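S.K.: Could you have a look at this structure, given as structure tokens, before my questions?
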Amino acid sequence: MLNTTITINEQIVKKHIAEIEPTDRIVNLGEVLEIESDDYGFSCVIFRLNQKQVVRFLSDEVLWCYKS
């Protein structure tokens, strides 16, 4: 959500893509709804701009995220 303000109770942390869970929010992308891994990396279904979008990440990616 573009109008989301992070409060002091929500901490932004760096997470390896393998540690991302549904309900995590990736900074500048949105809330993770689903995540799957394969030989090439990870596919995340992210709720962004009022629609579900699939974003691919390599296995060694580190992302900034927070819990909602």
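S.K.: I'm trying to understand the selection: among the residues of the range 42-56, which are touching a strand residue (DSSP E or B) at 6+ places or on another chain (Cβ under 9 Å), in a strand (DSSP E or B) and surrounded by fewer than 16 Cβ atoms within 10 Å (Cβ to Cβ)?
M.R.: Of everything in the range 42-56, those that are touching a strand residue (DSSP E or B) at 6+ places or on another chain (Cβ under 9 Å), in a strand (DSSP E or B) and surrounded by fewer than 16 Cβ atoms within 10 Å (Cβ to Cβ) turn out to be Ser43, Phe47, Lys52, Gln53, Val54, Val55, Arg56.
S.K.: Restricting to the range 16-31, name every residue that is outside any loop (DSSP other than H, G, I, E, B) and farther than 15 Å from Val62 by Cα.
M.R.: Those that are outside any loop (DSSP other than H, G, I, E, B) and farther than 15 Å from Val62 by Cα: Gly30, Glu31.
S.K.: Let me ask another. Does any residue in the range 55-68 that is within 13 Å of Val32 (Cβ to Cβ) come within less than 7 Å, Cβ to Cβ, of a residue that is among the acidic types (Asp, Glu) and surrounded by 11 or more Cβ atoms within 10 Å (Cβ to Cβ) six or more places away or on a different chain, and which pairs are these?
M.R.: These pairs meet every condition: Cys65/Asp24; Tyr66/Glu10; Lys67/Glu10; Lys67/Asp24; Ser68/Glu31.
S.K.: Within the range 17-41, how many residues turn out to be open to solvent by 70 Å² or more (accessible area, probe 1.4 Å) and either under 11 Å from the mean Cα position of the chain (by Cα) or touching a residue at least 60 places away in the same chain (Cβ under 8 Å) (or both)?
M.R.: 4
S.K.: A further question on this structure: Can you work out which of the residues in the range 57-68 that are open to solvent by 30 Å² or more (accessible area, probe 1.4 Å) and part of a strand (DSSP E or B) is farthest from Ile12 (Cα to Cα)? Steps first, answer last, please.
M.R.: First, pick out the residues of the range 57-68 that are open to solvent by 30 Å² or more (accessible area, probe 1.4 Å): 58-62, 64, 67-68.
Going one step further and asking which of them are part of a strand (DSSP E or B), we end up with 62, 64, 67.
Values: Val62: 13, Trp64: 6, Lys67: 8 Å.
Filtering the range 57-68 for residues that are open to solvent by 30 Å² or more (accessible area, probe 1.4 Å) and part of a strand (DSSP E or B), the one farthest from Ile12 (Cα to Cα) comes out as Val62.
The values are calculated or read from the model by the stated rules, or taken from the named source; none is laboratory data. Quick caveat, the model's predicted, so the values are computed rather than measured. Here Cβ is always computed from backbone atoms with ideal geometry, including for glycine, and neighbour counts include all displayed protein chains. Only protein heavy atoms, including side chains, enter the accessible area calculation; ligands, DNA and RNA are left aside. Shrake-Rupley method; radii C 1.70, N 1.55, O 1.52, S 1.80 Å.
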